[in-house]
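Working notes, structure below.
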Amino acid sequence: MNRLCTLALAAACVALSVPAAAQFAKTDDAVMYRQSAMFIMSQHFGRLGGMANGRVPYDAAAAVANAEVVAAMAKLPWPAFGTGMEGGKAKPDIWKEQAKFKENQDKLQAETVKLVAAAKAGNVEALKAQFGPTGGVCKACHDGFRKD
């Protein structure tokens, strides 16, 4: 029995370590996946921006809901930037400067966690204070790694 469990655990580890490229049947699937994730993230981030900039009335519950979507989506697109998945609006620099690109991913995920916390504070001032730094991370990555 112990041997069977060990084999099952080893098989699971091998299955989980398959490269991200195996998740996508073709490069176009990866491009569509990451662009879709970014689109959804931008839609919800834009709703937060409307509140932070006073274009729409502040709604604490909506702020939390949108910030949570942004944070969840910030985790998704990265496997679709694996080797051999070039294309779309992504600059080739992504694959040349993997460490810098990974640093931007990590910063985005950290800032979106702070964005959720700011939204949960329940006041527009906290949201305003975190909206800028989160947007700044988005902009920095787009400036360096996204084609116009």
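The values are calculated or read from the model by the stated rules, or taken from the named source; none is laboratory data. Quick caveat: nothing in here was measured; it's all calculated off a predicted structure. Counting neighbours? That spans all protein chains shown, and the Cβs are built from the backbone with ideal geometry, glycine included.
Scanning region 85-128 for residues that are among the basic types (Lys, Arg), surrounded by 16 or more Cβ atoms within 10 Å (Cβ to Cβ) and within 13 Å of Cys141 (Cβ to Cβ) returns Lys91, Lys107. Being surrounded by 15 or more Cβ atoms within 10 Å (Cβ to Cβ), more than 20 Å from Phe145 (Cβ to Cβ) and aliphatic (A, V, I, L, M) is not true of Ala25. Within region 1-47, the residues that satisfy the criterion of being part of a helix (DSSP H, G or I), at pLDDT 50 or above and small (Gly, Ala, Ser) are Ala22, Ala30, Ser36, Ala37, Ser42, Gly46. Restricting region 66-117 to residues that are within 21 Å of Ile40 (Cβ to Cβ) and of a type in the set (Asp, Glu), the residue that is nearest to the chain's Cα centre (by Cα) is Asp106. Of everything listed in (1) in contact (Cβ under 8 Å) with a residue 40 or more places away in the chain; (2) under 19 Å from Cys141 (Cβ atoms), the single unmet condition for Asp28 is (2). Considering Ala67, Ala80, the condition of being farther than 21 Å from Ala25 by Cα, modelled with pLDDT of 95 or more, in a helix (DSSP H, G or I) and of a type in the set (Gly, Ala, Ser) is satisfied by Ala67 alone. The residues in region 49-69 that are within 14 Å of Ala121 (Cα to Cα), of a type outside the set (Gly, Ala, Ser) and exposed (fewer than 13 other Cβ atoms within 10 Å of the Cβ) can be counted, and the count is 0.
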